[in-house]
1. Find the residue count for the stretch 321-333, including only residues that are within 20 Å of Val96 (Cα to Cα), out of contact with any Gly (no Cβ under 7 Å at 6 or more places or on another chain) and in a helix (DSSP H, G or I).
2. When only residues in the stretch 10-60 that are without any contact (Cβ under 8 Å) to a residue 12 or more places away in the chain and among the aliphatic types (A, V, I, L, M) count, which is surrounded by the most Cβ atoms within 10 Å (Cβ to Cβ)?
3. Among the residues of the stretch 92-112, is there at least one that is under 16 Å from Ala225 (Cβ atoms), hydrophobic (A, V, I, L, M, F, W, C) and at pLDDT 95 or above?
4. Which condition breaks for Gly261 when tested against (1) surrounded by 24 or more Cβ atoms within 10 Å (Cβ to Cβ); (2) small (Gly, Ala, Ser); (3) at negative phi?
5. In the stretch 87-111, how many residues are assigned to a helix (DSSP H, G or I), surrounded by 24 or more Cβ atoms within 10 Å (Cβ to Cβ) and within 14 Å of the chain's Cα centre (by Cα)?
6. Among the candidates Leu350, Leu343, Leu354, single out the residue that is hydrophobic (A, V, I, L, M, F, W, C) and within 13 Å of Ala410 (Cα to Cα).
7. Among the residues of the stretch 38-81, how many are under 24 Å from Phe24 (Cβ atoms) and either touching a helix residue (DSSP H, G or I) at 6+ places or on another chain (Cβ under 6 Å) or outside any loop (DSSP other than H, G, I, E, B) (or both)?
8. Determine which single condition Leu346 fails, assuming it passes every other condition in (1) buried (at least 24 other Cβ atoms within 10 Å of the Cβ); (2) not assigned by TED's automatic domain parsing to the domain that holds Ala86.
Amino acid sequence: MSSPFSVSREDVAARDAADPLAPFRDRFDLPSDLYMDGNSLGPVSDDAERTLDRVVGEWRDRGIEGWTDGEQPWWEYAEYLGERLAPYVGADADEVVVANSTTVNIHTLIGTFLDRVADVPARELDAPDTVEDAVDASGNVVVANELDFPTDHYAIRAQFRQRGLDPDEHLRLVESRDGRTIELADIAEAMDDDVGILFMPTALYRSGQLFDVEALTELAHDHGALAGFDAAHTVGAVPHEFAAADVDFAVWCSYKYLNAGPGSIAGLYVNERYHGLAPALPGWWGNEKESQFDLELAYRPAESAGAWQIGTVPMLSAAPLEGSLDLLDEAGIERVREKSLALTDLLATLVEDLADAGYEYAVGTPRDGARRGGHVAVEHPDADRVSQALRERGVVVDYRPPNVVRICPAPLYVGFENVFAVAEQLRDVIESGDHEAFAASEGVS
């Protein structure tokens, strides 16, 4: 039988041979040769393990003195990692900190801005003392979208309930036209003078659609609203320029493209104009460092993004990020993005070849690279069982209802031949009928 593919194995082998990022694969321990789930959990690298081991050693050898005498003193470790992350989101060092989890960061930032700045246009807020404390019904609408990851909505709705506001009235969702993507024109249609915050992902978790952060921020500010982003599905894979775009705030995790491990510490960005505001969920670790050990009962927020830290930095979930950033610094985010676009374009092309050959696959991710994040949504009527059959064959992917097999060719440890091999497995699963042996799963894998 002739190959359905428009690209040959020889073609992709040549691309691997010329790939400057190919050697980085050897620095990861992969649970499978075809590990394509880095958009959910990145694998461990030698670099991440090295910095984790160092901190464990400091804990063993120095105990409490690690706070002041660690190679990177633990006392300011969150700020240190924030400074390391700042170039990846295009921000100044004091606008970024690692802290909490992504969902906690959504709670504290949405809560902060509902309380403090929802009814003040971002472009008019020059200093914290111009902010009104009272919550007014006008300006307290948050615009999000129906394809968001659910935790975003859970947090936003909870923050409304805590303020005596009906979430059904104050959370306005932009609908999708096709179940895959959200269009800028439809977001603009949802904006009016009642909107205080536009909160969007930088990329949709199911389809991988990448949003134009600058355009969305401008849209929000034109309506006197703030622009916030959940960047969990892009940081470490797509370079950002949050400060240049005048983004107000953003959150993200570090266990996907940043490869810092399961449950690793999250990150947040807060535009410098808001430094000095009291967070909605204050904690001792967000107090200004100079007076933190005065142990006063009056809270003094740090004059930086560090104010939105709540509890003590969890060193063992933060330490792997340092090594991961060492590796990413060496690779270069621009080269990572360039290869990511090439890998996802190749995968989409091969899936389209299968579709043309009658295998019922479709690409649910925008083909325009400027609108594509780091993974490809491969659609199939029986995607659940196809994903199970792929995993049985050693192709680690995940399934997202109703019909998506998410495949992530992460550039630091996936090559062009790997992508070709995945496409062959997509073909073989259908040809063999292996997927028919699996029952539809009750949950989401």
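The values are calculated or read from the model by the stated rules, or taken from the named source; none is laboratory data. From a predicted model like this one, the values you see are computed outputs, not experimental measurements. Every residue, glycine as well, gets a Cβ built from its backbone with ideal geometry; the counts of neighbours run over all protein chains shown.
1. Going through the stretch 321-333 one residue at a time, the tally reaches 9.
2. For the stretch 10-60, the residue satisfying everything is Ala14.
3. Yes, the stretch 92-112 contains at least one residue that is under 16 Å from Ala225 (Cβ atoms), hydrophobic (A, V, I, L, M, F, W, C) and at pLDDT 95 or above.
4. Checking Gly261 against (1) surrounded by 24 or more Cβ atoms within 10 Å (Cβ to Cβ); (2) small (Gly, Ala, Ser); (3) at negative phi, the one that fails is (3).
5. 4
6. Leu343
7. Residues in the stretch 38-81 being under 24 Å from Phe24 (Cβ atoms) and either touching a helix residue (DSSP H, G or I) at 6+ places or on another chain (Cβ under 6 Å) or outside any loop (DSSP other than H, G, I, E, B) (or both): 15 in total.
8. For Leu346, the failing item is (1).
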